[in-house]
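Undergrad: Handing you this structure, nothing more for now.
Throughout, read-outs are computed from the coordinates displayed, never taken from laboratory work. Predicted model, so just to flag it, every value in this text is computed and none were measured. Neighbour counts run over all protein chains shown; Cβ positions are idealised from the backbone, glycine included.
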Amino acid sequence: MAFHAATATPPAATGLGDLLPSLATLLAAAVGVLLLWALGYAAACAASPFARCRRCEGVGKTIKPNGRVKRWCRHCKGTGLRLRTGRRAYNYLRRLRRQGTRPTRVRTTPPRPFGK
């Protein structure tokens with residue numbers, strides 16, 4: 001960056017060329033943060049595939065104001081747990097790959113003895 005001879009202040013940005021290094025740095029930092037978040041979420045989905053149900057807040061039932069049970073939660077079917085979105089996507093991709101690959105050959109008859 002060139003400075004004016006009599007001052008210590010840099011000249012004002014004149015175009016896009018002056019902003020590109022800072023924009024590239026900002027973009028790289030954003031991608032790094034996003035990648036770090038995705039790896040952390042993937043680890044959370046692997047370690048604990050279930051989370052509390054959002055509807056019943058993990059209780060498994062809807063409660064009346066007087067404290068009695070109104071009914072079991074329809075979203076989690078009374079378990080209080082739901083499958084995380086990341087784990088659901090992982091299960092879908094795993095199932096898609098398994099269905100897309102050819103199955104291994106399964107023998108239906110026992111192998112013949114050698115030499116006969």
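Undergrad: Arranged by the count of other C-beta atoms within 10 angstrom, fewest first, what order do 95, 82 take?
TA: In order of increasing Cβ crowding within 10 Å: 95, 82.
Undergrad: So, one more: I need the calculated FRET efficiency for the pair residue 89 and residue 112, taking r as the beta carbon distance and R₀ as 30 Å, to the nearest 0.05.
TA: Using R0 = 30 Å, I get an efficiency of 0.05.
Undergrad: Provide the net charge surrounding residue 46, with neighbours chosen by a C-beta distance below 15 Å and charges set as Lys +1, Arg +1, Asp -1, Glu -1.
TA: Around residue 46, the surrounding residues sum to +4.
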